[in-house]
Amino acid sequence: MKKMNSKNKAASSLDQQEGDLPPKLSQPAHRALAAAGIRKLEQLTRFSEAEIKQLHGIGPNALAKLRQALAARGLSFAKAKESTECSLQKVGFSRDY
C-alpha cells in the first residue's frame, strides 16, 4: 500500500480546490469526472444522469452526492435525451420491413 506523503496530500487537495465537486465524492468518481473534463458542478448540468452514470467509477452513491450538490446550488442534471429509436420513430422510420 502506498503512503501519501505531505507533498502528495497537498497536490490532491489542490486538485480538489480547483473544482467545486463534493469533497466526500469517492476518488474513483473524482477520477472518472476529471477524465471526462468535469471539475465543476456547473459542467454537470450539460449531461443527463444517465450519461454520467455510464462513466466508469460513478455509482449510485456518487450520483446521489452529485444530485444533492447540484440541488444545493439550484442546479440539476440535463434532461434525459430521447433514445435514437424513439427519435427515428417520430420521423416515420420503423423496423417493420
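The values are calculated or read from the model by the stated rules, or taken from the named source; none is laboratory data. Since the structure is predicted, the reported quantities are computational estimates derived from the model, not experimental observations. Every residue, glycine among them, receives a Cβ derived from its backbone with ideal geometry; neighbour counts consider all protein chains shown.
Odds and ends about this structure:
- Scanning the range 68-79 for residues that are crowded, with 17+ Cβ neighbours inside 10 Å and either acidic (Asp, Glu) or outside any loop (DSSP other than H, G, I, E, B) (or both) yields 69, 70.
- Residues of the range 33-55 that turn out to be in a helix (DSSP H, G or I) and closer than 15 Å to residue 69 by Cβ, as a count: 7
- Only residues that are modelled with pLDDT of 70 or more and surrounded by 13 or more Cβ atoms within 10 Å (Cβ to Cβ) were counted in the range 1-41, giving 17.
Quick grid of which residues meet (1) over 17 Å from residue 42 (Cβ atoms); (2) in a loop (DSSP other than H, G, I, E, B); (3) out of contact with any Gly (no Cβ under 9 Å at 6 or more places or on another chain); (4) modelled with pLDDT under 95:
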position	(1), (2), (3), (4)
57	yes, yes, yes, no
61	yes, no, yes, no
66	no, no, yes, no
81	yes, yes, yes, yes
85	yes, no, yes, yes
88	yes, no, yes, yes
92	yes, yes, yes, yes
96	yes, yes, yes, yes
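- Pair list, Cβ under 7 Å, 6 or more apart: the range 58-81 residue more than 14 Å from residue 38 (Cβ to Cβ), other residue not in a loop (DSSP other than H, G, I, E, B): 73/41; 76/70; 80/50
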